[in-house]
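A.B. asks: I am attaching a structure below and will ask some questions about it afterwards.
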Amino acid sequence: MRIDIVTIFPEFFSVLDVSLLGKARESGLIGLGIHDLRDFTHDRHRTVDDTPYGGGAGMVMKPEPWGEALDSILVPESVVIFPSPAGEPFTQATAQELSTEPHLIFGCGRYEGIDERVVDYTATRARVRCMSMGDYVLNGGEVAAMAMIEAIGRLIPGVIGNPQSLLEESHSDGLLEYPSYTKPAEWRGLEVPPVLLSGNHGAIAAWRREQQLERTRRIRPDLLD
Ligand code: 6GU
């Protein structure tokens, strides 16, 4: 998979060199391009924003630099993702879907957003998804893009050593994950649930399922609706 990112903070994404996704890049499973939006401006001050038509607080990102940046990166096979608190919810299912795409572009907006015509125009050239990380507001799309890239990247075959772990984690089956324990069997007076030491694989599987359901009912009842 190829991932391109357009941002006014390219240095934000230097952390993608480390950890799991850094290895995936080295091994060629993921190709990454980070593009400074200001490189697509033509004025002395490298201006990327302007005041909103109709008035109101804050600044809006100008369409011209975005148009030029996306023209230079986009192909008809691309999926262009605009992180936005006004987008559709990004879920594990979204990550699963996007993990099979050959080319993702993340357009990271700042300020009060990007001129809406950038989204409309881009949608005539490729598939576009405006995606939100949750019901809270971040200063820009960069941190959200990073989270989405990690969620998507780890689902690409070969990026994670043990694919079984992908099947057993929270949200992969619509439930929260069961609690995990390792040695010692007693720690600070707290014991590991005895069933896990029983060697009875049927009983362990049943206990884990019960824990998943109990946790989900207690913490995220909305997932059971
Ligand atoms: Cl994707 N972007 C911004 N700026 N804020 C958010 C978000 C995205 N998701 C939740 N809040």
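A.B. asks: Just one of Asp71, Asp49, Asp115 is of a type in the set (D, E, K, R), away from the ligand (no atom under 14 Å from the Cβ) and surrounded by fewer than 14 Cβ atoms within 10 Å (Cβ to Cβ); which is it?
C.D. replies: Residue meeting the stated conditions: Asp71.
A.B. asks: While we're here: So which residues in region 191-202 are among the hydrophobic types (A, V, I, L, M, F, W, C) and either surrounded by fewer than 13 Cβ atoms within 10 Å (Cβ to Cβ) or touching a strand residue (DSSP E or B) at 6+ places or on another chain (Cβ under 7 Å) (or both), if there are any at all?
C.D. replies: Leu197
A.B. asks: Of all residues in region 136-154, which are under 17 Å from Thr91 (Cα atoms) and more than 7 Å from the ligand (Cβ to nearest atom)?
C.D. replies: Within region 136-154, Val143, Ala145, Met146, Ala147, Met148, Ile149, Glu150, Ala151, Ile152, Gly153, Arg154 qualify.
A.B. asks: Looking at Arg154, Arg188, Arg217, Arg208, which is the one that is of a type outside the set (A, V, I, L, M), farther than 29 Å from Ile3 by Cα and surrounded by 14 or more Cβ atoms within 10 Å (Cβ to Cβ)?
C.D. replies: Arg208
Let's see how each residue does on (1) among the hydroxyl-bearing types (Ser, Thr, Tyr); (2) modelled with pLDDT of 95 or more:
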| position | (1), (2) |
| --- | --- |
| Phe106 | no, yes |
| Arg110 | no, no |
| Arg117 | no, yes |
| Arg129 | no, yes |
| Tyr136 | yes, yes |
| Ala145 | no, yes |
| Met148 | no, yes |
| Ile152 | no, yes |
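A.B. asks: Condition first: of a type in the set (Gly, Ala, Ser) and out of contact with any helix residue (DSSP H, G or I) (no Cβ under 8 Å at 6 or more places or on another chain). Now tell me which residues in region 126-144 satisfy that.
C.D. replies: Across region 126-144, the qualifying residues are Ala126, Gly134, Gly140, Gly141, Ala144.
A.B. asks: Let me ask something additional. Give region 126-135 a look and list any residue that's within 6 Å of the ligand (Cβ to nearest atom) and more than 10 Å from the chain's Cα centre (by Cα), or say none.
C.D. replies: Gly134
A.B. asks: Another one. Could you check region 18-40 and list, in sequence order, the residues that are within 13 Å of Val6 (Cα to Cα) and without any contact (Cβ under 8 Å) to a residue 40 or more places away in the chain?
C.D. replies: Those that are within 13 Å of Val6 (Cα to Cα) and without any contact (Cβ under 8 Å) to a residue 40 or more places away in the chain: Leu32, Ile34, His35, Asp36, Leu37, Arg38, Asp39, Phe40.
The values are calculated or read from the model by the stated rules, or taken from the named source; none is laboratory data. Fair warning: this is a prediction, and the values are worked out from it, not measured in the lab. Using ideal geometry, Cβ is built from the backbone for each residue, glycine included, and neighbour counts are taken over all protein chains shown.
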